[in-house]
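Below is one structure, written out as structure tokens; the observations come after it.
Computed from the coordinates by the stated procedures, all read-outs in this text should not be read as laboratory data. In this text, all values refer to a predicted model and were calculated from it rather than measured experimentally. Don't worry about glycine lacking a Cβ; one is built from the backbone with ideal geometry, like all the others, and counts go over all protein chains shown.
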Amino acid sequence: MASLTQLPAWQALIQHKKQMRRFDMRTAFAEDAQRFAHFSLKVGDVLLDYSKNRISPETLRLLVSLARESGVEALRAAMFAGEAINVTEHRAALHTALRNPARPSLEVDGVNVMAQIRAVLDQMQRFTEAVHTGTWRGHTGQRITDIVNIGIGGSDLGPAMVCMALGPYAQPGVRVHFVSNIDPSHLATTLAQINPATSLFIIASKTFTTLETLANARSARQWLLAQLHDEAAVARHFVALSTNVQGVKAFGIDPANMFEFWDWVGGRYSLWSAIGLSIALAIGWKNFESLLAGAQAMDSHFAEAPLEQNMPVLTGLIGLWYHNFWRAETYAILPYDQRLVLLPAFLQQLDMESNGKGVTRDNRPVNYSTGPIVWGAAGTNGQHAFFELLHQGTRLIPADFLIAAENSTPLGDQHEWLIANCFAQTEALLVGKTKAVARAELIAQGMSRTQANALAPHKVFSGNRPSNTLLYRRLDPHTLGMLIALYEHKVFVQGAIWNINSFDQWGVELGKQLAPPIREALESGTITSPHDSSTTGLIQAITRPNI
Ligand code: F6P
């Protein structure tokens, strides 16, 4: 493929950006009474309003041309077909197959993966129902009341985010906990809340080699055995989710208690696989199926809708427009939904581990920026913390606002206030406030002209600041599945245009290689491997604190 920056659409977008430099969304809204209708799109219960963006019909035409010229459609077809699009690891990226169990067959390396997927789903369903009905009990015969998922990264963030989001669907009688950090305080705090006789540990690790997860799993097993005094208890209190049968066996978990998945499931795309067991245990099997079905509905839309009316394509293109042509380095995720409080952390891994890459799929350094920085927090909390910078700071920060029309736990008129705040913020970002208005307001409040002139500049909101709004009826499993798949595919579209491999993560390796010699030095007190003076100094501050 020609270099991205040489593509006609890229070149045209550079020129177009020059024309759009002074584009004012307020004028665009004034000139087109139908702007919302023209720039919004509904898929199932999810409405995307993308009208509050610095875009014109011409912008979208050029961006869609860029998607076409850079081969997004071909790569999308290859992903759904199970081709090895993860070129550096020679693997398919088939999370879409996991949520389409009705698909008759799909061959990867001569194996019908659909049969494998259905078999594991059946095993997960049987196990989930056995725990919920009390058929599966702990070693002493008591029912399971606490599930502890031990995993990190993709083996933690997705399930933890979904379990939090779908709290109102929680099965009675089971509580789900998540332990990820190797900091012993994470596991210790959880163990302090549970009873070994009624607890089930899910060791979730694609590779089953991850330091943090194995360390926590070993500590959890020791804790359990110290209290139940019988090695046989492990079989009733530990199950594993992994691609690595040998690793699971070596740890001492019976492969009969293992739920398998496969190397073509990326860690950050794995909540739909066996890694979702904690979700099924938290919300019940039917709701887990509904989550998968929601994602599948977004997959079908992504696969079939024309690029011009394709939600993941549009969100991906608009994000890329700001990142590459307006030099917006970050974007904010602002769920006005306390239950989505973990969404920013989940999307950080999804986006930044997928597209934080500097080499193309054909092994050349990129000469354009990739991988935006993702951050955010639940509204309205963010309003009282960092929104100052969104409204008055010097940076351009596009933001996604997410809000449900209905709350699953309504209290008085609080949900109406939540919605009002969400819409008011996107409106404020758009319309802003001029110095003249600020000054007039101050004078109307009784301030002298001199004082008003001095204070007014501080009360100016430049406005014309972009946002998307995702509005859905309620945060149920189906809708959540759609929203997650939307972001997965958005990230895919951007990675496809940047011609990078969104499915590997070599950038996490170096730190893992450097940790063991440091660990050794901390234990022995002797530094045997070469380090810079900073690292040496820090090690010595621990090993020889008095020097
Ligand atoms: O170190 C990063 C990473 O490899 C992620 O990509 C992954 O989700 C996480 O670690 C956990 O890996 P595993 O599931 O193999 O324990």
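Cα-based Rg of segment 1-149 per 2.2 N^0.38 Å, rounded to two decimals? Show your work: numbers first, answer last.
Details: Rg = 24.5 Å, N = 149, 2.2 N^0.38 = 14.7 Å.
After normalising by residue count via 2.2 N^0.38 Å, the value is 1.66.
Each residue of segment 268-276 was assigned a 3J(HN,Hα) from its phi angle through the Karplus curve 6.51 cos²θ - 1.76 cosθ + 1.60 (θ = phi - 60°); the sequence is 7, 10, 9, 5, 7, 9, 3, 4, x Hz, with glycine and proline shown as x. With Cα atoms as the point set, segment 225-308 shows a radius of gyration and Dmax of 17.3, 63 Å. Counting neighbouring beta carbons within 10 Å and listing from fewest to most, the residues 290, 369 come out as 369, 290. For the chain, the Kirkwood radius over C-alpha pairs fed into Stokes-Einstein at 20 °C and 1.002 mPa s yields D = 84 µm² per second. Average 1/r across all pairs of distinct alpha carbons in segment 442-547, invert it, and you get the Kirkwood radius: 21.2 Å.
In vacuum, with every alpha carbon of segment 211-362 counted as one equal point scatterer, what does the Debye formula give for log10 I(q)/I(0) at q = 0.19, 0.21 Å⁻¹? Two decimals, please. Values, matching the q order: -1.39, -1.50.
Given a Förster distance of 60 Å, report the FRET efficiency between residue 170 and residue 61 from their Cβ-Cβ distance, rounded to the nearest 0.05.
Efficiency for this residue pair is about 0.85.
Sorted into 10 angstrom bins from 0, the C-alpha pair distances of segment 387-479 split as 15, 33, 28, 18, 6, 1 percent. Relative intensity of segment 332-423 on a log10 scale, I(q)/I(0) at q = 0.13, 0.15, 0.16 Å⁻¹, equals -0.55, -0.68, -0.74, per a Debye sum over C-alpha point scatterers of equal strength in the absence of solvent.
Between residue 88 and residue 368, the FRET efficiency estimated from the beta carbon spacing at R0 = 25 angstrom works out to 0.80. Diagonalising the gyration tensor over the Cα atoms of segment 124-257 and scaling each eigenvalue by 5 before taking the square root yields semi-axes of 19, 18, 15 Å, largest first.
Here's how it looks for residue 330: its modeled amide H is under 5 Å from those of 373, which are all 5 or more places away or on a different chain.
Of the trypsin sites (Lys or Arg not before Pro) in segment 294-367, which ones lie in a loop per DSSP and count no more than 16 other C-beta atoms within 10 Å? Here the trypsin sites (Lys or Arg not before Pro) that fit, given the DSSP loop and packing criteria, are 327. Exposure proxy shown here: for 386, 346, 80, the number of other Cβ atoms within 10 Å sets the order, fewest to most, as 386, 80, 346. Calculated over segment 136-191, the projected area of the Cα convex hull averaged across directions stands at 4.7 nm².
Taken over the C-alpha atoms, segment 276-386 has Rg and Dmax values of 17.0, 48 angstrom. With 10 Å bins beginning at zero, the pair-distance distribution over Cα atoms of segment 175-234 amounts to 21, 56, 23 %.
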